[in-house]
Structures are given as C-alpha cells and as structure tokens.
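Here the structure is laid out as structure tokens; the discussion comes afterwards.
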Amino acid sequence: MSENVSSSVLFHFTNSVDHLKSILKDGFFPHYCAEYSLDPADRKEASRGRPPMHAAPMVCFCDLPLSLVGKHLNEYGNFAIGLEKHWGLKNGLAPVIYTHSRARTRPPVLRLATKAEETSDEGTGKDMMFLAAYTKPFEGPAWRKRKVHKKVRFYDEREWRYVPVVRKGQPLFLTQNDYADVSKKSALEKSLKKQNVLRIHPDDIQYLIVAYDRDENNILELHDYVMRLYARRHSRRDAKLVTTTIMTADRIEEDI
C-alpha cells in the first residue's frame with residue numbers, strides 16, 4: 001500500500017453533466033474567480049456580506065485521493081473529472097501558497113499586489129501580481145453562489161490552480177465593479193480562452209464522476225457522449241476505455 005499523502009490525480013468539480021461534456025470537448029479555460037484575501041479591508045467586505053474586492057482568472061483543481069472527494073462533491077457540484085497529475089505538471093499547474101493572519105508570510109503576501117502597482121519595472125510588477133494570484137488564506141470567508149460562507153478551511157482542499165499570463169494591457173485582477181460587470185468579464189474571459197485552453201487527451205482521464213439519478217440518465221448520457229466524441233477524435237478503443245472511468249457520486253460515499 002502506498003504511503004503517499006498526496007494523490008496521483010487532480011480533480012476538478014462542476015455542477016452539471018453539460019459542463020462535464022464541455023470540458024471533455026473543449027478542455028479547460030480560465031474564468032475570473034472572486035476570493036477574499038488577508039487584507040483587513042477585504043475581511044470587512046465579507047463581514048458586510050459583500051463580494052471580495054478582487055477577482056483573478058484561474059482553473060482550480062484539488063489534490064485529493066478519491067476517498068476524500070465526497071465533501072467537495074457536495075460543495076462544488078456532484079460532477080467531477082479526475083486527471084493524471086502528470087497532465088497538470090505538463091500544463092504548468094501549481095499548488096497554491098496558503099498563509100494565515102499570524103504567519104510570517106502574511107506581510108509580504110499583502111504587499112505583493114500593492115507593490116506591484118507601485119513599481120516602475122513592468123516585468124517585476126507582473127511577477128508580483130502573478131504570485132499574489134497563487135496565494136490563499138489557510139482559513140476564512142468564501143464567496144460562493146453570491147453569498148458569504150463565514151468559515152472555510154481552504155487548506156483541506158489541497159488546491160492546485162492554473163493562472164494565465166495575461167496580455168499587455170489586460171488586467172490580471174478585476175475590481176469589485178468590473179467583476180460585477182457581466183459583459184466586461186465575459187469579454188475578458190473570451191480573450192483569455194483564445195490563448196489559454198488546457199486540452200485533455202483520453203489517456204489523461206482517470207475518473208469521470210456524475211450525480212446519481214434513479215434512471216441512470218447521467219451515466220448513459222455521458223457514456224454515449226464519450227463514445228461519439230472520442231471514437232471520432234481518437235479511436236473506438238480510446239472511447240471505450242474512457243467510459244470505464246465513469247462512476248456515480250453516491251457510490252464513492254457508500255463504498256470508499
């Protein structure tokens with residue numbers, strides 16, 4: 001039995017079979033995600049029930065063994081794809097940097113974004129903003145489904161993420177107002193998609209998890225979709241092998 005604490009698989013969670021099918025067809029691309037930082041001003045926004053002050057584009061994954069994904073399926077949606085960690089390494093994914101209010105890393109983390117805006121060295125400024133996008137509180141409030149969840153232990157998620165290098169003139173972080181501007185956010189994400197798609201090969205797929213439904217429509221729908229998609233793009237053999245990775249979320253909770 002392996003004694004490794006980390007998994008050999010990176011999981012991405014979503015809330016519908018259509019989203020899962022879209023990932024299989026087109027891959028992943030970054031979406032802006034609003035997160036609270038350790039900045040006292042951001043914490044004040046959370047206490048008022050307001051969204052975070054900034055949002056950065058990213059694709060998020062969890063480095064968890066299959067036996068521990070049940071909680072995340074309940075929180076992020078009962079659909080998921082598990083990919084070989086080698087796929088993540090090849091595509092430049094990295095673990096986030098966790099910190100907390102008393103950590104010695106907190107002051108420099110808080111200064112990253114501020115100093116990045118002040119520096120006259122464009123390259124250094126970009127690097128500092130990029131590192132800021134990979135930092136996260138150990139524990140704290142979360143903005144999910146337009147509501148504040150007061151106390152979430154983010155460290156339990158063992159998050160890995162992909163943050164794109166944005167083009168010149170395009171912001172890495174959006175302000176509260178820009179994030180709320182749906183048309184502006186969508187236009188920026190469309191631009192990011194052109195240069196930052198993370199493609200998936202059938203060999204990369206280790207698990208496909210769908211929500212249980214009594215008539216097994218989710219399994220049958222995904223099975224038929226995989227057969228059509230991968231038989232056309234790759235081979236019927238590849239398609240069949242991918243269908244063997246499909247399981248239901250309830251089976252994980254019951255059997256593992």
- request: With respect to Glu159, determine if the residue is under 30 Å from Ala46 (Cβ atoms), acidic (Asp, Glu) and buried (at least 17 other Cβ atoms within 10 Å of the Cβ).
  value: yes
The one condition Pro107 fails out of (1) out of contact with any Ser or Thr (no Cβ under 9 Å at 6 or more places or on another chain); (2) under 30 Å from Thr248 (Cβ atoms) is (2)
| request: Test Arg43 against the criterion of being exposed (fewer than 15 other Cβ atoms within 10 Å of the Cβ) and under 22 Å from Asp156 (Cα atoms), and give yes or no. | output: no
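One line per residue, one yes/no per condition, for (1) within 13 Å of Pro202 (Cβ to Cβ); (2) β-branched (Val, Ile, Thr); (3) assigned to a helix (DSSP H, G or I); (4) at pLDDT 90 or above:
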{"position": "Arg214", "(1), (2), (3), (4)": "no, no, no, no"}
{"position": "Leu220", "(1), (2), (3), (4)": "no, no, yes, yes"}
{"position": "Val226", "(1), (2), (3), (4)": "yes, yes, yes, yes"}
{"position": "Leu241", "(1), (2), (3), (4)": "yes, no, yes, yes"}
The condition of being under 19 Å from the mean Cα position of the chain (by Cα) and of a type in the set (Val, Ile, Thr) holds, among Thr175, Thr135, Thr124, only for Thr135
Among the residues of segment 101-145, the number that are closer than 22 Å to Pro51 by Cβ and part of a loop (DSSP other than H, G, I, E, B) is 6
Scanning segment 190-205 residue by residue, those in a loop (DSSP other than H, G, I, E, B) and under 25 Å from Ser235 (Cα atoms) turn out to be Val197, Arg199, Ile200, His201
Q) Does Leu208 meet the test of being part of a helix (DSSP H, G or I), modelled with pLDDT of 90 or more and among the aliphatic types (A, V, I, L, M)? A) no
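The values are calculated or read from the model by the stated rules, or taken from the named source; none is laboratory data. The structure displayed is predicted, hence computed values, not measured ones. Reconstructed Cβ throughout: ideal geometry from the backbone, glycine too, with neighbour counts over all protein chains shown.
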